[in-house]
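See below for the structure under consideration.
The values are calculated or read from the model by the stated rules, or taken from the named source; none is laboratory data. Because the structure is predicted, anything quoted here is derived from the model rather than measured. Virtual Cβ from ideal backbone geometry, glycine too; neighbours counted across all protein chains shown.
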Amino acid sequence: MSQRVKPAKEGTSERSPVMEGGMQLLNRDGHSISHNSKRHYHDAFVSMNRMRQRGLLCDIVLHVGNKEIKAHKLVLASCSPYFHAMFTNEMSESRQTHVTLHDIDPQALEQLVQYAYTAEIVLDLISSDNLNVPSEEEVYRAVLSWVKHDVDGRRQHVPRLMKCVRLPLLTRDFLMSNVDTELLVRHHSECKDLLIEALKYHLMPEQRGVLSNTRTRPRRCEGASPVLFAVGGGSLFAIHGDCEAYDTRTDRWHMVASMSTRRARVGVAAIGNRLYAVGGYDGTSDLSTVESYDPVTNSWQPEVAMGTRRSCLGVAVLHGLLYAAGGYDGASCLNSAERYDPLTGTWSSVAAMSTRRRYVRIATLDGNLYAVGGYDSSSHLATVEKYDPQTNTWTTIANMLSRRSSAGVAVLEGMLYVAGGNDGTSCLNSVERYNPKTNTWESVAPMNIRRSTHDLVAMDGWLYAVGGNDGSSSLNSIEKYNPRTNKWVAASCMFTRRSSVGVAVLELLNFPPPSSPTLSVSSTSL
């Protein structure tokens, strides 16, 4: 900025103007001079940003979610066509001091306002665990789009930006056809290293525990809350394909899209923001098929089938891989196991368990899988074995206190819980938990109702026992366990009675799906 200053009269105390962060303007020989400060724009915006942070001279407050963001209309309008239109046209917002914005992430808006004042890239936004995106491809494309808007001025930022993109979570096809062929990526050795890291994550699934870092962790949107899904199951002579979901915020059940196939004795697990229904029994045959649920579209899509038909199986997720173990193929009880990689869409065999197990449940604890109890075609089992993905081996651990098949199994606060099941003579309500540090089992409070063929899941610091059979009829009741009080209490019931049900939890921002029926049932039905 140029500024012309009139000379001061000799002998007066008039001072020459001073620009903060610049240099004093001097007058010589009675001539006017011109001074140009390259820092003036920067210093002025720094000063305005400090004023914004202190709430000084702010003439607009943006409300988004539970957040209030103070700012100056002039700055926002000069940096954003959106705000320029809002504050300079005849829109009602141009005369308001408070404006509420909808369908915008609060953190993202705060970063954009910060950018308007500082012109600095805030890497926290794209590296945030709370970034709400349907897939990591969107983050990658957004970064490249921003860089290509001004390639010469922005190409130097590519390595820093790519470190914030979770490349290992992209599919192998996308990595090879889009990332590896991108010249902006190939130009930087740091980016090549990141691509190699991502490909190693794909090519060595057994080492994913060792390779895990912030770039391999799926994002979890801020404000998301857990939703419990009950999938399939059966009651009386019916096999269910319908599904329902429990919203903890409203204490209500909602019907969601039905699967394409009816499934009881099904394995259900969640990976990222998708729900997987694996195998099961459709009333006629044992299944190898798999389908996944997308909560954004409220729809199920077919996935690659397992190599083996499995009902009464156990499923669990470890390092982003979906494991299926044991079960029944229609002819024999199984000890085989396989795993599915959603990034490559492939199933591969892993080491077989030492014992054949149907009506088995498996769970993940401390980087290992635990196969708990089950039925080996002759007896109900108290045995448990542990799988190490790095060595691809199963080892036997301490037996449970009781024989259990069709039990519920879940992990909470570093302990492996086993609830209910069948010991060969009766349906159980007893509960025990395993401490991996001491390799010991101990009893905890029993459930209020005897349950087998139910499912058990951890959510919000509680254990939820869902549905099942009490020895005479299928159940729609739910009860939950508080480890701090060692007590079970009733929770809201499902729409439908479901034994041989599969249950898993998704963290969702927007739920329920539009036009889904709701149900709130008194917990006293227990």
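Of the conditions (1) of a type in the set (A, V, I, L, M); (2) in contact (Cβ under 8 Å) with a residue 12 or more places away in the chain; (3) within 15 Å of L321 (Cα to Cα), L175 fails just one. Which one is it?
Here L175 meets the rest and fails (3).
Name the residues in region 69-90 that are charged (D, E, K, R), surrounded by fewer than 19 Cβ atoms within 10 Å (Cβ to Cβ) and either under 33 Å from the mean Cα position of the chain (by Cα) or under 17 Å from L57 (Cβ atoms) (or both), would you?
If the condition is that a residue be charged (D, E, K, R), surrounded by fewer than 19 Cβ atoms within 10 Å (Cβ to Cβ) and either under 33 Å from the mean Cα position of the chain (by Cα) or under 17 Å from L57 (Cβ atoms) (or both), then K70 is the only one that fits.
Hey, does region 482-498 have a residue that's surrounded by 20 or more Cβ atoms within 10 Å (Cβ to Cβ) and under 20 Å from R403 (Cα atoms)?
no
Right, L401: outside any strand (DSSP E or B) and at pLDDT below 95 or not?
no
Of V165, V151, which residue is surrounded by fewer than 17 Cβ atoms within 10 Å (Cβ to Cβ) and among the aliphatic types (A, V, I, L, M)?
Of the residues listed, the single one that is surrounded by fewer than 17 Cβ atoms within 10 Å (Cβ to Cβ) and among the aliphatic types (A, V, I, L, M) is V151.
Given the structure, is A44 in a helix (DSSP H, G or I) and touching a strand residue (DSSP E or B) at 6+ places or on another chain (Cβ under 9 Å)?
No; evaluated as a whole, the condition is false for this residue.
Could you grab the pairs with beta carbons closer than 6 Å, sequence gap of 6+ or different chains, first residue in region 50-61 and not assigned by TED's automatic domain parsing to the domain that holds Y115 and surrounded by 15 or more Cβ atoms within 10 Å (Cβ to Cβ), second one among the β-branched types (V, I, T) and modelled with pLDDT under 95?
Qualifying pairs under 6 Å: none.
So R141 fits all but one of (1) in a helix (DSSP H, G or I); (2) in contact with a strand residue (DSSP E or B) (Cβ under 8 Å, 6 or more places away or on another chain); what number is the exception?
(2)
Exactly one condition in (1) aromatic (F, W, Y); (2) at pLDDT 90 or above; (3) surrounded by fewer than 18 Cβ atoms within 10 Å (Cβ to Cβ) is not met by F237; state its number.
For F237, the failing item is (2).
What residue, among those in region 329-339 that are without any contact (Cβ under 8 Å) to a residue 60 or more places away in the chain and assigned to a strand (DSSP E or B), is farthest from the chain's Cα centre (by Cα)?
In this case the residue turns out to be C333.
For N448, are the conditions met, namely being more than 16 Å from V372 (Cβ to Cβ) and of a type outside the set (D, E, K, R)?
Yes; evaluated as a whole, the condition is true for this residue.
One residue is enough: does region 249-259 have a residue meeting the conditions under 19 Å from the mean Cα position of the chain (by Cα), over 22 Å from V133 (Cβ atoms) and at pLDDT 95 or above?
Taking every residue of region 249-259 in turn, none turns out to be under 19 Å from the mean Cα position of the chain (by Cα), over 22 Å from V133 (Cβ atoms) and at pLDDT 95 or above.
Considering only region 47-79, how many residues are within 11 Å of L109 (Cβ to Cβ) and in a loop (DSSP other than H, G, I, E, B)?
1
What is the residue count in region 171-215 for residues that are touching a Ser or Thr at 6+ places or on another chain (Cβ under 7 Å) and surrounded by fewer than 16 Cβ atoms within 10 Å (Cβ to Cβ)?
Within region 171-215, residues that are touching a Ser or Thr at 6+ places or on another chain (Cβ under 7 Å) and surrounded by fewer than 16 Cβ atoms within 10 Å (Cβ to Cβ) number 0.
Answer with yes or no whether A142 is surrounded by 14 or more Cβ atoms within 10 Å (Cβ to Cβ), closer than 30 Å to Y41 by Cα and outside the structural domain of A71 (by TED's automatic domain parsing).
Spelling it out, A142 is indeed surrounded by 14 or more Cβ atoms within 10 Å (Cβ to Cβ), closer than 30 Å to Y41 by Cα and outside the structural domain of A71 (by TED's automatic domain parsing).
Is at least one residue of region 275-295 out of contact with any Leu (no Cβ under 9 Å at 6 or more places or on another chain), under 26 Å from N368 (Cβ atoms) and surrounded by 22 or more Cβ atoms within 10 Å (Cβ to Cβ)?
Checked region 275-295: at least one residue is out of contact with any Leu (no Cβ under 9 Å at 6 or more places or on another chain), under 26 Å from N368 (Cβ atoms) and surrounded by 22 or more Cβ atoms within 10 Å (Cβ to Cβ).
Given the structure, is A445 modelled with pLDDT of 95 or more and in contact with a His (Cβ under 9 Å, 6 or more places away or on another chain)?
Here the answer is no, as A445 does not meet what is asked.
Within region 341-366, work out how many residues are acidic (D, E) and under 19 Å from G272 (Cβ atoms).
Qualifying residue count, region 341-366: 1.
Taking the stated definitions as given, is S354 over 20 Å from the mean Cα position of the chain (by Cα), surrounded by fewer than 18 Cβ atoms within 10 Å (Cβ to Cβ) and assigned to a strand (DSSP E or B)?
The answer is no for S354.
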